[in-house]
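> Shown below is the structure under consideration.
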Amino acid sequence: MSDNNVSRFSGEWETKQLGELASIRNQKVMPENVDPNTSCVELEHIASGIGHLLENSTAEYSTASKYRFFAGDVLFGRLRSYLRKYWLADHNGICTTEIWPLMVDAKQIDSGFLHAIVQTDEFFAMANLSYGTHMPRADWTVMRNFSIMLPPIQEQRAIAEVLSDVDGLINALDALIAKKRAIKQATMQQLLTGKTRLPGFSGAWETKRLGEIGEISGAGVNKKINANEESVRLVNYLDVYNKTFLYSKDLMHQVSARSDQVRRCAVEKGDIFFTPSSEVPDDIGCSAVAMEDVPDGVYSYHVVRLRLKVDWDLYFRAYAFDTNEFLNQASRQCDGSGTRYVISLPKFRAMTVRFPSTIEEQRAIATVLSDMDAEITALEQRKDKTIAIKQGMMQQLLTGKVRLVK
């Protein structure tokens, strides 16, 4: 069938300001004056950038004045609006006053269409014209003048439905990714502790202190650039915290170091790096492995390096320390309270790790976990691609450049 025979929306679009189409539902209430089981939404309950409600609390556990909201309201996080917190309410409840519950004029604009509008870069650009330095908040006196291109109401609903379908796919991918990660974590706790053995392996496992299997060293390079020193790239705290595998292309932090530091703090293939400090004990002991030599690489003074004296499979090194058994040791052994916790090098050296004595079993375990990682990565790439497609659709559909079929 040719495109000429397809019936598309064709009505005229008009431009109106946000304040003509919606208003803040300014109905404040104290939590103790509503049903204790009333849903309460705080900023941290809304996922950034995807319009998904992660969780919610109830009025029973809430304090301070709240806004009422109702199903169909568009909730927009006005505090630090650059975090992109928005949600189309599917039930009634109360929310922090740092969220605007936007009540639409249903005769002029569909709530789903407004939900799409608040996701656009243009909307956030104006929202970021905020007041307050340390706690920036979007200003309604500014936002109410935001211009919206408005198709007829039936076309608005059709656009909102199409974009909602894409959101459904993104949310489904999010849920699948979370499920796959949970399965991987459970698998790791079994395979990396010897509780479950892969077919064909039955030999004994060893338990050794880190100081027995390798050399633990700290006193890395600082983040400064000084004249008359060599230019180097840094393995820093966030590299180790956020990654499992470290490649040369990932090291972006350029600093300088003395020649003796370059030799002493070198990054070689198979080196394992750990986070020795954090604001919370549970983040101590996170690890990542260098997958290749980095001739101009050094490690930061915020991490420690384990250079093994035993022959371990390269990929197994990346997984071996990511067990509750190992990480719980780190959280128990650290010193500090309140704002900073740290584990000393002697305590690091005394920590123990369990591992299979044969490199063949190490390699088999690493292969299983690596395949799981590959599956998760493929899903994440699919999700990112879907998000990019949605952004392109919004640019076309919300401006009238493309009209939908009726």
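> Give all pairs with beta carbons closer than 8 Å in which a residue from segment 94-111 that is touching a residue at least 12 places away in the same chain (Cβ under 8 Å) meets a residue that is among the aromatic types (Phe, Trp, Tyr) and surrounded by fewer than 19 Cβ atoms within 10 Å (Cβ to Cβ); count only pairs at least 6 apart in sequence or on separate chains.
Trp100/Trp140; Pro101/Phe70; Met103/Phe70
> Of the residues Arg157, Arg233, which single one is among the basic types (Lys, Arg), assigned to a helix (DSSP H, G or I) and either more than 25 Å from Met393 (Cα to Cα) or not assigned by TED's automatic domain parsing to the domain that holds Arg305 (or both)?
After ruling out the rest, the residue left standing is Arg157.
> Taking the options Lys179, Lys195, name whichever one is in the same structural domain as Lys385 (by TED's automatic domain parsing), without any contact (Cβ under 8 Å) to a residue 40 or more places away in the chain and not in a helix (DSSP H, G or I).
Lys195
> Could you please find all residues in segment 353-364 being out of contact with any Asp or Glu (no Cβ under 6 Å at 6 or more places or on another chain), surrounded by 15 or more Cβ atoms within 10 Å (Cβ to Cβ) and either more than 16 Å from Ile272 (Cβ to Cβ) or among the polar types (S, T, N, Q) (or both)?
Selection gives Pro356, Glu361, Ala364.
> Let me ask another. Can you pull out the residues in segment 263-286 that are among the hydroxyl-bearing types (Ser, Thr, Tyr) and closer than 12 Å to Asn236 by Cα?
Residue satisfying the conditions is Thr275 alone.
> Related question: Among all residue pairs at least 6 apart or on different chains, which show Cβ distances below 6 Å where the first residue, located in segment 122-143, is closer than 13 Å to Ile24 by Cβ and the second is basic (Lys, Arg)?
Arg137/Arg78; Ala138/Arg78
> Being outside any loop (DSSP other than H, G, I, E, B), surrounded by fewer than 16 Cβ atoms within 10 Å (Cβ to Cβ) and either out of contact with any strand residue (DSSP E or B) (no Cβ under 6 Å at 6 or more places or on another chain) or not assigned by TED's automatic domain parsing to the domain that holds Met135 (or both) is the filter here, so list the residues in segment 49-93 that pass it.
Glu60, Tyr61, Tyr82
> What is the residue count in segment 164-210 for residues that are β-branched (Val, Ile, Thr), touching a strand residue (DSSP E or B) at 6+ places or on another chain (Cβ under 9 Å) and exposed (fewer than 15 other Cβ atoms within 10 Å of the Cβ)?
Final tally of qualifying residues: 1.
> Residues to consider are Asp311, Asp282, Asp239, Asp260; find the one that is assigned to a loop (DSSP other than H, G, I, E, B) and either of a type in the set (D, E, K, R) or touching a residue at least 12 places away in the same chain (Cβ under 8 Å) (or both).
It is Asp311.
Residue by residue, here is whether (1) among the hydroxyl-bearing types (Ser, Thr, Tyr); (2) in contact with a strand residue (DSSP E or B) (Cβ under 8 Å, 6 or more places away or on another chain); (3) under 30 Å from Phe123 (Cβ atoms) holds:
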{"position": "Lys309", "(1), (2), (3)": "no, yes, no"}
{"position": "Leu345", "(1), (2), (3)": "no, yes, no"}
{"position": "Arg349", "(1), (2), (3)": "no, yes, no"}
{"position": "Thr352", "(1), (2), (3)": "yes, yes, no"}
{"position": "Asp384", "(1), (2), (3)": "no, no, yes"}
{"position": "Gln391", "(1), (2), (3)": "no, no, yes"}
{"position": "Val402", "(1), (2), (3)": "no, no, yes"}
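> Give the residue, chosen from Pro276, Pro281, that is surrounded by 23 or more Cβ atoms within 10 Å (Cβ to Cβ) and not hydrophobic (A, V, I, L, M, F, W, C).
When all the criteria are applied, what remains is Pro276.
The values are calculated or read from the model by the stated rules, or taken from the named source; none is laboratory data. In this text, all values refer to a predicted model and were calculated from it rather than measured experimentally. Cβ atoms come from the backbone with ideal geometry, glycine included; neighbour counts cover every protein chain shown.
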